[in-house]
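The values are calculated or read from the model by the stated rules, or taken from the named source; none is laboratory data. On a predicted model such as this, the values are computed, not experimentally measured, just so you know. Ideal geometry is used to build each Cβ from the backbone, glycine not excepted, and the neighbour counts take in all protein chains shown. We work out accessible area using only protein heavy atoms, side chains counted, and drop any ligands, DNA or RNA first. Shrake-Rupley method; radii C 1.70, N 1.55, O 1.52, S 1.80 Å.
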Amino acid sequence: LQFAVGHEMAHVNLKHAIKTLQDPGVAKLTSGTLQKVYMLIIPLAYLDAQEFEADEWIYRRMKQLHQSDRECLRFLNKLESYSKREGFDNGRGVLKLDADSSPVENHLRAHTAPYKRLKHLKEIMGKNSNPSK
């Protein structure tokens, strides 16, 4: 939970929503700001680079709190298992639009593939464990 909540806090701290809304393609849409958030960001998530940046942001903070790498990766490992079970393990999955669909699950489906996020964080961890010369 710490990773998931921290990841969302990172999006705020890193101003990802503002950057998305300032994109020329998004800015020219005639919808209001709140409608753009509901139409674009919530159902489609952020760009891969922004997702990686948010993961790295919370990873670094969790490490400052002396969390182990295993604890830092726990949420993404669970998300990866869930995405495999539910058939969106390659990320950016097709949204479910039936009456039983959950906005939370659709938001998770819209994200970068968990295995890509795990790979990125493990690369960051590897860089942190190798002292620079």
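Things to note:
- Accessible surface of the chain, 1.4 Å probe, proportion on carbon and sulfur as whole %: 58 percent
- Solvent-accessible surface of the chain, taken per residue with a 1.4 Å probe and all protein chains present: 64 Å².
- Prolate/oblate/rounded label for the stretch 1-79 (Cα gyration tensor, a/c 1.5): prolate
- Taking the charge dipole of the stretch 1-124 about its Cα centre, with +1 at Lys and Arg Cβ atoms and -1 at Asp and Glu Cβ atoms, the residue from Y115, L44, T30 reaching farthest to the positive side is Y115.
- Degrees separating the helix 2-13 axis from the principal Cα axis of the chain, which is the longest one: 60 degrees
- For the chain, the dipole from Cβ point charges (+1 on Lys and Arg, -1 on Asp and Glu) about the Cα centre works out to 400 debye, to the nearest 20.
- Among the listed pairs K19/K78; K78/K116; K15/K96, those beyond 25 Å (Cα-Cα): K19/K78; K15/K96
- Helix 48-64 axis versus longest C-alpha principal axis of the chain: approximately 40°, rounded to the nearest ten.
- Modelled spin-label separation between N77 and S102, with each label point placed 7 Å from Cα along the Cα-to-Cβ direction: 2.1 nm.
- For the chain: relative contact order, % (alpha-carbon pairs under 8 angstrom, 6 or more apart): 28 percent
- Taking 0.36 nm per residue of separation and subtracting the Cα-Cα distance, full extension of the segment from K19 to R92 would add 24.3 nm.
- Cα gyration tensor category, rounded, prolate or oblate, for the chain with a/c compared to 1.5: oblate
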